[in-house]
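Some notes on the structure that comes next.
Readers should treat all values here as calculations from the given coordinates under stated rules, not as data from a laboratory. This one's a predicted model, so the numbers in the text were calculated from it and none came from an experiment. Methodologically, a virtual Cβ is constructed for each residue, glycine included, from the backbone with ideal geometry; neighbour enumeration extends over all protein chains shown.
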Amino acid sequence: MKQDNLKRWYKIIRIILIIVPTLTFLWLVNKNLVPSGKLSANYNLQELSPFISRLYPTGRVLGVEKDKEGQYYQSIIIDPVYFKVHLPVSFQKAHLILKYQTDKVDNFRLGYQVGPGFQYYFKNVVPTEREGFWQVAEVDFNLANAYIKDNKSRFALSSPYLDEQGGEIKINSIEVVLEKEPLGMKDVPILIKKFIKKIF
C-alpha cells in the first residue's frame, strides 16, 4: 500500500513539474510577446494600470476626483499633460479612446513623442459620440516614428493657452489598443530565448 501511495505521489509531482513550467512559459509569452498581435489596456483613474501611467505632472493636472454620478476624473488646467504607455514589445499602431469633458477649450490635441524633448506629433481630438455627460473621441497613430525609452512611449494631452483662457479638460478614462503582426512558427526560437532569460 505504501509503495502504491508513493507511486501516486511521484506521478502527481511529475505532472506538477510539467504543468507549472508550461503554464509559466505560456503566461510569459502572452504578457511579454503578445502573440495575438493586439494588446488592450484601460486606465479609468480608479486603479493603476500596468500599461498606462498616471497623468502628470501634478500642478498642471489636479488629483483624482469623483462627480455626483460616481464617475472618477482628473482635471487638466495647464497645458501640456503627459502619460506613458508601457510597450512589452514593438507595436506598429496605437488606437486611443478618450472619455472627457471640456470647458472653455478651443483646441484639444493628443500626440505621441517622436524625438527627445518636446518633439511630438499631434492630432486634434474630435468627439464622435457621448456617454452620459462625457464626450468620447478616438485617435489613431502609426508608431513607426515613435520615440521609445525604457520600453515606454510618451503621449501628451495639449490645449495651448488653456490656463490663460481659464479652461479645463476633465479626463474620465484612457483606453489604448496596440497592434502588431501576430507571432508565427518562425518566432518560436525568440520565445524560447525570452523564456530562458526570464528564468535565469
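What to note about this one:
- Here region 38-179 is assigned +1 on the Cβ of each Lys and Arg and -1 on the Cβ of each Asp and Glu. Its dipole about the Cα centre then comes out at about 420 debye.
- Checked against a 30 Å cut-off, the cross-linked pairs LYS38/LYS68; LYS68/LYS104; LYS38/LYS149 give Cα-Cα distances beyond that limit for LYS38/LYS68.
- Among SER90, SER153, the ranking by other beta carbons within 10 Å of each residue's beta carbon, starting with the fewest, stands as SER90, SER153.
- The overall shape of region 110-157 is prolate: from the C-alpha gyration tensor, with semi-axes ordered a ≥ b ≥ c, the ratio a/c is 1.5 or greater and a/b exceeds b/c.
- For LEU178, net neighbour charge (Lys/Arg +1, Asp/Glu -1) across residues whose Cβ lies under 10 Å away: +2
- Counting Lys and Arg as +1 and Asp and Glu as -1 over every other residue whose Cβ lies under 15 Å from the Cβ of GLY166, the net charge comes to -3.
- Cα-based shape type of region 29-115, given that a ≥ b ≥ c are square roots of the gyration tensor eigenvalues and the cut on a/c is 1.5: prolate
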